Amino acid sequence: MRTNYILIDYENVQPGLLPTGSDIPIKVLTFIGERQTKIPFELASSLQKLGDQASYIKIDGNGPDALDFHIAYYIGKLAEQDSNSYFHIVSKDKGFDPLIRHLKKNKILIQRVNSLSEILILSNSNNSTLGQKVTSMIESLKARGNSRPRRVKTLENTINAFFMKSLSEAEVKKIVAQLAKQKAITLTDQVVSYNAPITGKD
């Protein structure tokens with residue numbers, strides 16, 4: 001299973017708590033600005049609970065983009081060491097976006113989010129059983145309305161994206177099969193049609 005690296009721009013976003021108890025492999029790197037001399041108890045406590053899954057990095061210098069350059073450096077370094085990883089930059093700074101577009105073109109899995117709550121892999125990490133994954137997928141498909149995928153391959157890609165590409169191909173196919181078994185979807189050749197409860201119609 002791929003490692004999800006969460007890189008927090010603490011000058012820009014100050015989450016009180018970091019994720020704990022996830023069964024998804026995560027590494028949290030919290031980047032602290034040179035002038036940030038105090039760390040709240042909540043942050044320090046949650047870092048400690050994560051053990052070697054978390055660390056904080058105190059940067060040198062206080063230029064306008066000093067912290068951003070540190071984050072970019074660590075992404076490059078970690079991506080070289082672990083090319084199968086997924087990076088989540090937690091920052092409201094849109095200056096990261098050109099870098100993210102470039103990295104995506106180079107097949108690096110990465111996103112920028114405004115808060116930890118936007119990282120789907122964390123909210124989906126409690127879906128440890130097949131049944132829980134299927135239930136979450138039904139709710140997601142229900143919310144998609146008319147934009148639901150109509151081909152099996154597209155549905156598989158949608159499921160893979162929903163779980164942040166953390167599932168194996170076999171696990172994705174099991175979810176599709178279970179959706180069909182529960183009659184939430186109907187498969188005709190490679191075409192997908194939707195039934196209740198996804199459509200909301202009996």
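Just so you know, all these numbers are worked out from the coordinates, no wet-lab data involved. Every value quoted in this text rests on a predicted model; they were computed, and no experiment measured them. When we count neighbours, we look across all protein chains shown, and the Cβ atoms used for this are built from the backbone with ideal geometry, even at glycine.
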GNM on the chain, C-alpha springs below 10 Å: top fluctuator among F96, F87, F41?
-> F41
Cross-link partners among lysines for K27, C-alpha distance below 26 Å, same-chain residues fewer than 8 apart left out?
-> K38, K49, K58, K77, K92, K94, K104, K105, K107, K133, K165
Under the helix-only model (-39500 (n - 2.57) for each DSSP H run of 4 or more, divided by the residues of the chain), the mean residue ellipticity at 222 nm, to 500 deg cm²/dmol, is -11500 deg cm²/dmol
Using the Cα atoms as the points, what is the convex hull volume per residue of the chain in Å³?
-> 133
Evaluate the distance, in nm, between pseudo-label points positioned 7 Å from the Cα of S117 and of A170 along their respective Cα→Cβ axes.
-> 3.8
Could you work out how far apart the two model spin labels at T199 and R151 are, taking each label as a point 7 Å from the Cα in the direction of the beta carbon, and quote it in nm?
-> 2.2
Tail weight of P(r) past 16 Å, computed on alpha-carbon pairs of region 130-194, percent | 36
With only alpha-carbon atoms counted, please give the Rg and Dmax of region 4-123, in Å.
-> 13.6, 39
